[in-house]
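Reviewing the structure listed below.
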Amino acid sequence: MTRIGITGHQGLPEKAITHATEKIRELLAETAAPLIGYGSLAEGADQIFARELLAAGGSLHVVVPANGYEGTFPEAHRSTYFALLDQAAEVTRLPYSEPSEEAYDAAGQWVAQHCEVLIAVWDGQPSRGLGGTADAVAHALKLNRTLRVIWPAGVRRT
C-alpha cells in the first residue's frame, strides 16, 4: 500500500493543468498498488489528483478542513467537489467551525502526516497566506516525507 498526499495551487494556468495532469498520471502509474490518496479536493491540483487517483484504481481519502468548506468553491468547481467527495472511500472532517487559513493549514498538515509521498503542484514560491502549498511542503519536509514537485518550466501563476 502506498499513501500519497496532494498539495498544490488553485487557479492554475492552462499549461500547468495539462502538465500536472500528465505528471500525476505518470507518477501514479509508477507507484506500487494499492494506492490511497489524501487531499482536500480544492479546485486545481487537489481535484486533478483525485480524478487521476480514482482513474488509476486508487482509494480516495478526503480531508474536509472546516464546516461550510463547500461554500468556498466557485460554482463551476462545486459540482466537481461533490462528485469527487461522493467517490471517497473515507472522509475526515477537521473540527473547524468555518473555513479559515488555520483550517487550511491544519488540513495540509494532516495530509503530510498521513502520507508517505507528497505530490506538490507548486511553483516554488512562498504561500500567499497561512495554509498554502509552501506551508504543506515545509511540513512534509520536517516529517521526512518523499516530496515530488510538479510544475512546468517558465509558467507563472497570476
- [ ] Return the pairs, sorted by first residue and then second, in which the second residue is part of a helix (DSSP H, G or I) and of a type in the set (S, T, N, Q), the first residue lies in segment 107-130 and is in contact (Cβ under 8 Å) with a residue 24 or more places away in the chain, the beta carbons are less than 9 Å apart, and the residues are 6+ apart or on different chains.
- [x] Gly108/Thr133; Ala120/Thr133; Val121/Thr133; Trp122/Thr133; Asp123/Thr133; Gln125/Thr133
TODO: Identify all residues within segment 50-61 that are hydrophobic (A, V, I, L, M, F, W, C), surrounded by fewer than 22 Cβ atoms within 10 Å (Cβ to Cβ) and either part of a loop (DSSP other than H, G, I, E, B) or within 15 Å of the chain's Cα centre (by Cα) (or both); write none if there are none.
DONE: Leu54, Ala56
Open item on the list: Quick check on this structure: which one of Leu41, Leu118, Leu84 is under 13 Å from the mean Cα position of the chain (by Cα), at pLDDT 95 or above, assigned to a loop (DSSP other than H, G, I, E, B) and not polar (S, T, N, Q)?
Closed with: Leu41
Task: Matching residues, segment 87-106, being over 23 Å from Ile24 (Cα atoms), part of a loop (DSSP other than H, G, I, E, B) and either among the aliphatic types (A, V, I, L, M) or in contact (Cβ under 8 Å) with a residue 40 or more places away in the chain (or both) - done: Leu94
TODO: Only one of these is over 23 Å from Val64 (Cβ atoms) and in contact with a Pro (Cβ under 8 Å, 6 or more places away or on another chain): Ala16, Ala32. Name it.
DONE: Ala16
- [ ] Go through Tyr81, Tyr96, Tyr69 for me and flag whichever is buried (at least 18 other Cβ atoms within 10 Å of the Cβ), more than 13 Å from Glu43 (Cα to Cα) and among the aromatic types (Phe, Trp, Tyr).
- [x] Tyr96
TODO: Kindly indicate whether Thr21 is assigned to a helix (DSSP H, G or I) and modelled with pLDDT of 95 or more.
DONE: yes
Open item on the list: Quick check on Ile119: is it within 20 Å of His19 (Cα to Cα), out of contact with any helix residue (DSSP H, G or I) (no Cβ under 6 Å at 6 or more places or on another chain) and surrounded by 22 or more Cβ atoms within 10 Å (Cβ to Cβ)?
Closed with: yes
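The values are calculated or read from the model by the stated rules, or taken from the named source; none is laboratory data. Just so you know, these numbers come straight off a predicted model, no measurement behind them. Here Cβ is always computed from backbone atoms with ideal geometry, including for glycine, and neighbour counts include all displayed protein chains.
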